[in-house]
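Notes follow once the structure below has been shown.
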Amino acid sequence: MTQLQKISAADARGAVDEAMALLVCIYDDNKFRDSAHLEGAIPMSEFLRMKPDLTLDTRIIFY
């Protein structure tokens, strides 16, 4: 079973910067572009396209 855990913004930034995790915005493309974009993040639509190819050990950080 997948475990959910809260992490700090600094830990999330470090994991994304080191390519150890995907940072995924839960909003649609418009809101992502207009107000919710964080550097290194991808919108939910892109994540859903990638999802079938991800391995089970891929670390995913949602915001």
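The values are calculated or read from the model by the stated rules, or taken from the named source; none is laboratory data. Because the structure is predicted, anything quoted here is derived from the model rather than measured. Positions of Cβ are backbone-derived with ideal geometry, glycine not excepted, and every protein chain shown enters the neighbour counts.
See the values below:
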{"item": "Single residue of segment 6-27 satisfying the filter (of a type in the set (D, E, K, R) and part of a helix (DSSP H, G or I)) that is surrounded by the most Cβ atoms within 10 Å (Cβ to Cβ)", "result": "13"}
{"item": "Enumeration of residues in segment 15-27 that are under 13 Å from the mean Cα position of the chain (by Cα) and on the phi < 0 side of the Ramachandran plot", "result": "15, 16, 17, 20, 21, 22, 23, 24, 25, 26, 27"}
{"item": "Checklist (1) part of a helix (DSSP H, G or I); (2) touching a helix residue (DSSP H, G or I) at 6+ places or on another chain (Cβ under 9 Å) applied to residue 52, failing item", "result": "(2)"}
{"item": "Pairs where the first residue, in segment 19-31, is modelled with pLDDT under 90 and the second is surrounded by 12 or more Cβ atoms within 10 Å (Cβ to Cβ) and polar (S, T, N, Q), C-beta under 7 Å, 6+ apart", "result": "29/45"}
{"item": "Inter-residue pairs, beta-carbon under 9 Å, first within 14 Å of residue 19 (Cα to Cα) and in segment 33-60, second small (Gly, Ala, Ser) and modelled with pLDDT of 90 or more, 6+ apart", "result": "58/21; 59/15; 59/21; 60/21"}
{"item": "Selection count, segment 28-43, where residues are hydrophobic (A, V, I, L, M, F, W, C), farther than 16 Å from residue 59 by Cβ and part of a strand (DSSP E or B)", "result": "0"}
{"item": "Hits in segment 28-41 (condition: buried (at least 16 other Cβ atoms within 10 Å of the Cβ) and under 11 Å from the mean Cα position of the chain (by Cα))", "result": "41"}
{"item": "Selection within segment 45-63 - crowded, with 16+ Cβ neighbours inside 10 Å and not β-branched (Val, Ile, Thr)", "result": "47"}
